[in-house]
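No value in this document is a laboratory result; all are computed from the given coordinates. From a predicted model like this one, the values you see are computed outputs, not experimental measurements. Every residue, glycine as well, gets a Cβ built from its backbone with ideal geometry; the counts of neighbours run over all protein chains shown.
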Amino acid sequence: MRRIVIAIGTTISALVLLFSWPTSTNHLVVGPTTGAAGTTGAVPNAAGTSSGGKATAGTYDGAVASTWYGPVQVRITVAGGKLTAVDAIALPSGNGHDEQINSYAIPVLTQEAVAAQSAKVDMVSGATYTSTGYLQSLQSALDKAGL
C-alpha cells in the first residue's frame, strides 16, 4: 500500500512540473524603445540627416524585443535608400552560453538581413529566441526607416 501511495504522489508531482514548464510561445514580448535623447524613433546620424521620414539616411533603433533570455535590440543604418548595416545594441548576456550563441548567430542574421534588405530571413538554428527577438527589432527599425 505504501508503494502505491508513493507512486501516485510521484506521478502527480511529475505532471505538475511538466505542465508548469515554460514553452517557447509564452515569453516573447515586444516593447517600445527610446532614442538617445529619450525620444522614440530615428536617431540622427553624424551628419544629422535623419528625420524619421521614408527611407531617409540615418540610423534607426528598433523596438526592444524581450525574450526568455533577455532583451534584444538592433540599430540599422540607412544610406541611399538602402539598409547598409545592422548593429545589435542589446543582446542576452547572462552567461557564457548566451555569448557563444550571439557570437555565431548575430553575424549570420546581420549578413542575411543586409543581403535581403528585409527582416524576412531564416532564423539561426540553436538561437531561436535571439533570432526571433533580432528579427522583431529589425522589422521595427525598418518600419521607422520606411524600408
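Among Thr10, Thr128, a tally of other beta-carbon atoms within 10 Å of each Cβ gives an order, fewest to most, of Thr10, Thr128.
Would you list Ser118, Ser93, Ser131 from fewest to most Cβ contacts within 10 Å? Mind showing how you got there, number by number?
Details: Ser118 15, Ser93 12, Ser131 22.
Ranking Ser118, Ser93, Ser131 by Cβ neighbours within 10 Å, fewest first, gives Ser93, Ser118, Ser131.
Applying 0.36 nm per residue to the separation of His97 and Ser125 and subtracting their alpha-carbon distance, the gain on full extension is 8.6 nm.
Extension gain, Thr10-Thr84: 0.36 nm per intervening residue step, less the Cα-Cα distance, totals 21.0 nm.
Between Ser20 and Gln111, full extension at 0.36 nm per residue minus the direct alpha carbon distance yields a gain of 29.0 nm.
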